[in-house]
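The values are calculated or read from the model by the stated rules, or taken from the named source; none is laboratory data. Everything numeric here is computed off the predicted structure, so don't read it as measured data. Glycine gets a Cβ as well: all are built from the backbone with ideal geometry, and neighbour counts include every protein chain shown.
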Amino acid sequence: MTAAQRRQDAGSGVPGWIAANIYWGRIKALWRIASSALGRFSRQDGDALSGYIAYSTFLSIFPFAIFATALIGATLGRMESDRLMDALFGMAPPHIAQTLAPVLKGITAGVRDGVLTISAVGGLWVASNAVEAIRVAFDRAYGVRRPRGYVRRRLRALGFVVLAAATFALLGFLIIAAPLALALIEKYSGFSAPFGVGALRYLIGVAILALFLFQINLLLPSQRPPRRRLWPGIWVSVALWTAGAGGFSVYLSYAPSYTITYGAFAGVIVTLLFFYLTGAAIILGAQVNAVLMAFRRPTARDSEASG
């Protein structure tokens, strides 16, 4: 043993070889969790379910936008609804925003409130199909054998569409309100915001996304999982989605060959691929939770939390 190792052992109270074993033990545990989650993802048709989520989401995005616009317009006004939509698209990957924003604005602009409200009712039902797609993936991940009845599933899916609309409205409002609040503080108090505070809106977005994922992981499966054990998979989903969205945007910026391959359909294909990555991130997070739950024995507190 070298003198440096002896000093380290004396200072920490833990022999170096034990610390090294603990470190490599944690690495092996993380590897086991990741490989088990990926194996479950493959065996339970995670690729197919991610594609189903992407298709259902793309099919539902326009009816959902109609419903969300009608809901936000009825509560905050049409002008605020347009501002919130612009703020949300400001956080989306540029290629996705360029594909969806003109179409969504064209659908909702210039439509009478009565017609928009009637369309929103149908949009609510269509958008619930995407929620049902995620519910199927969650039931498989968490090992649910007996799903709820059809009526209860559809009612719960409709409720989550309303929750999603409210979540996006809150997110858009906070994205708009945070810079305005900082500007007012700087104007009246003379306080200068530190460098990088502009990233606050992205932190707000990540926090709200994590809370929304917690709600759907807890309430959407036909059998409620223990709430105390959901956060690891949720943070995995958030990290995967953030990395995937950023990497996807960089790839499309430096490799624009998709426009040559798909021509006029390039925007649609890119959007579907982005929704596929989103669905895969959500499912993988649930699979990580399922693996961790299998490694641990359920406790009485978990039973009470899931009840």
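Under the condition of being within 23 Å of ARG146 (Cβ to Cβ), outside any loop (DSSP other than H, G, I, E, B) and modelled with pLDDT of 90 or more, the residues counted in segment 220-256 number 1.
Applying a threshold of 6 Å to beta carbon distances and a minimum spacing of six or more residues, or different chains, the list of pairs starting in segment 32-58 at a residue that is under 13 Å from ALA286 (Cα atoms) and among the basic types (Lys, Arg) and ending at one that is in a helix (DSSP H, G or I) and at pLDDT 90 or above reads ARG40/GLN287. Looking only at residues of segment 219-234 that are more than 12 Å from ARG156 (Cβ to Cβ) and of a type in the set (A, V, I, L, M, F, W, C), we find that the one that is surrounded by the most Cβ atoms within 10 Å (Cβ to Cβ) is ILE234. Among the residues of segment 185-194, at least one is out of contact with any helix residue (DSSP H, G or I) (no Cβ under 8 Å at 6 or more places or on another chain), at pLDDT below 85 and part of a loop (DSSP other than H, G, I, E, B).
Candidates in segment 137-155 are the residues that are at pLDDT 90 or above and in a helix (DSSP H, G or I); of these, the one that is surrounded by the most Cβ atoms within 10 Å (Cβ to Cβ) is ALA141. Filtered by the rule that a residue be among the charged types (D, E, K, R) and within 21 Å of LEU30 (Cβ to Cβ), segment 214-251 gives ARG228, ARG229. Scanning segment 257-297 for residues that are farther than 24 Å from LYS28 by Cβ and at pLDDT below 80 gives SER257, TYR258, THR259, ILE260, THR261, TYR262, GLY263, ALA264, PHE265, ALA266, GLY267.
When you go through (1) at pLDDT below 90; (2) surrounded by 15 or more Cβ atoms within 10 Å (Cβ to Cβ); (3) of a type outside the set (S, T, N, Q) one by one for GLY90, which number turns out not to apply? That leaves (2) as the condition not met.
Comparison of LEU240, LEU213, LEU272 shows that the only residue that is within 20 Å of GLY46 (Cβ to Cβ) and buried (at least 20 other Cβ atoms within 10 Å of the Cβ) is LEU213.
Please determine, by comparing only the residues of segment 211-258 that are β-branched (Val, Ile, Thr) and within 15 Å of the chain's Cα centre (by Cα), which one is farthest from GLN287 (Cα to Cα). Checking each candidate, the answer is THR242.
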